[in-house]
Amino acid sequence: MADAYLYCNEVVDPLTDWRVPLAPSWVVARRAQQVVVRLIPDAQEKRFDFEVVEDVSPQELMQAAVEGTSSGGVRCPVDRLGNWMQPNQRQVTSTEQLRSSNGLRRWTNSDVVPRPEDVYQERLYCIRWVDPDTGRRYYRPPNEHDLTREQLVLDLLQERFAEWQEKGYIPSRVIEPGSKTDEPIRTRGWTHWHHLFNPRQLLLAGFVSALGNEDLLIKSESAALLLSVGKLANLNSRLCQWHSARDQTAHTFPNKA
């Protein structure tokens, strides 16, 4: 069974014209299994494919930890010709350069995924699968069937989006300006609270919220489901980081600020 979906942002690096998936580290899991992601250059498309490798050596684990592509800015692993560069050789494109003087496009209420012209795109790069009989975890890059299901998720959400917003099953409010709430507007272009969640996350939270409002449920069941929506929002958002040491997501809100 699919247990966890790992996404990253992807940008076009103006120094190399390559599309670069962004992560501070390409270590996925350190606990029971040593799992890393290898970036495979595709010179024709000027982008990277993903290879997920389990049970790597300690040396490769350390190498993947320093191969991050978003440390201090965008660090493209290759030059314009596709030649691989060591981490200390890579030029850095700052986030300010990516946003430009005009800033990022402001998302509208109907936006749930980036538009093709947006600076920050999104990619699914790893799926964690679990054997329900043994509990063993497996890590795989997405294949064409997984990507087809991602489109199905988006279609299912869009079929329900307006109704769910109207009923309050998913957020609909705009993000009010403030010392902290200005950050997602300025750094991501997000203007509504539902922009903090990708389609799969919104679909899951919407289904749980809708089920919690079913008249057939007893009060304790309804309360448990509706309370779990808050936990979903905190542990299943676009702002969640992936903790490779604990093999799980971190909280969206790590402190009360």
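The values are calculated or read from the model by the stated rules, or taken from the named source; none is laboratory data. Predicted model, so just to flag it, every value in this text is computed and none were measured. Ideal geometry is used to build each Cβ from the backbone, glycine not excepted, and the neighbour counts take in all protein chains shown.
Take segment 172-218 and flag every residue that is in contact (Cβ under 8 Å) with a residue 24 or more places away in the chain and in a loop (DSSP other than H, G, I, E, B).
172, 180, 189, 190, 191, 197, 198, 213
If you scan segment 30-51, which residues turn out to be assigned to a strand (DSSP E or B), surrounded by 13 or more Cβ atoms within 10 Å (Cβ to Cβ) and touching a residue at least 40 places away in the same chain (Cβ under 8 Å)?
Listed by number, the residues that qualify are 35, 37, 41, 49, 50.
Restricting attention to segment 234-248, report how many residues are in a strand (DSSP E or B) and either buried (at least 18 other Cβ atoms within 10 Å of the Cβ) or of a type in the set (Phe, Trp, Tyr) (or both).
Within segment 234-248, the subset in a strand (DSSP E or B) is 242-243, 248.
Of the ones still in play, those that are also either buried (at least 18 other Cβ atoms within 10 Å of the Cβ) or of a type in the set (Phe, Trp, Tyr) (or both) are 242.
Number of matching residues: 1.
For residue 78, which of the numbered conditions (1) β-branched (Val, Ile, Thr); (2) at pLDDT 90 or above; (3) surrounded by fewer than 17 Cβ atoms within 10 Å (Cβ to Cβ); (4) over 17 Å from the mean Cα position of the chain (by Cα) fails to hold?
Among (1) β-branched (Val, Ile, Thr); (2) at pLDDT 90 or above; (3) surrounded by fewer than 17 Cβ atoms within 10 Å (Cβ to Cβ); (4) over 17 Å from the mean Cα position of the chain (by Cα), residue 78 violates only (3).
Restricting attention to segment 204-257, which residues are among the polar types (S, T, N, Q) and within 30 Å of residue 33 (Cβ to Cβ)?
Pass one, segment 204-257, residues among the polar types (S, T, N, Q): 209, 213, 220, 222, 228, 234, 236-237, 241, 244, 248-249, 252, 255.
Correct list: 228, 234, 236, 237, 241, 244, 248, 249, 252.
What do you reckon, is residue 115 surrounded by fewer than 16 Cβ atoms within 10 Å (Cβ to Cβ), within 27 Å of residue 237 (Cβ to Cβ) and not aliphatic (A, V, I, L, M)? Working first, answer last.
Working: surrounded by fewer than 16 Cβ atoms within 10 Å (Cβ to Cβ): yes; within 27 Å of residue 237 (Cβ to Cβ): yes; not aliphatic (A, V, I, L, M): yes.
Here the answer is yes, as residue 115 does meet what is asked.
Looking at the structure I just gave you, is residue 128 among the basic types (Lys, Arg) and either exposed (fewer than 14 other Cβ atoms within 10 Å of the Cβ) or under 30 Å from residue 159 (Cα atoms) (or both)? Full working, then the answer.
Numbers: among the basic types (Lys, Arg): yes; either exposed (fewer than 14 other Cβ atoms within 10 Å of the Cβ) or under 30 Å from residue 159 (Cα atoms) (or both): yes.
Considered against the rule, which asks whether it is among the basic types (Lys, Arg) and either exposed (fewer than 14 other Cβ atoms within 10 Å of the Cβ) or under 30 Å from residue 159 (Cα atoms) (or both), residue 128 comes out as yes.
To keep it simple, each residue is scored yes or no on (1) touching an Asp or Glu at 6+ places or on another chain (Cβ under 6 Å); (2) over 17 Å from residue 51 (Cα atoms); (3) β-branched (Val, Ile, Thr).
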residue	(1), (2), (3)
104	no, yes, no
107	no, yes, no
115	no, yes, no
128	yes, no, no
131	no, yes, no
135	no, yes, no
146	no, no, no
153	no, yes, yes
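Which residue out of 150, 163, 221, 159 is acidic (Asp, Glu), in a helix (DSSP H, G or I) and surrounded by 15 or more Cβ atoms within 10 Å (Cβ to Cβ)?
Values: 163 fails: surrounded by 15 or more Cβ atoms within 10 Å (Cβ to Cβ); 221 fails: surrounded by 15 or more Cβ atoms within 10 Å (Cβ to Cβ); 159 fails: surrounded by 15 or more Cβ atoms within 10 Å (Cβ to Cβ).
Within the list 150, 163, 221, 159, the selection yields 150.
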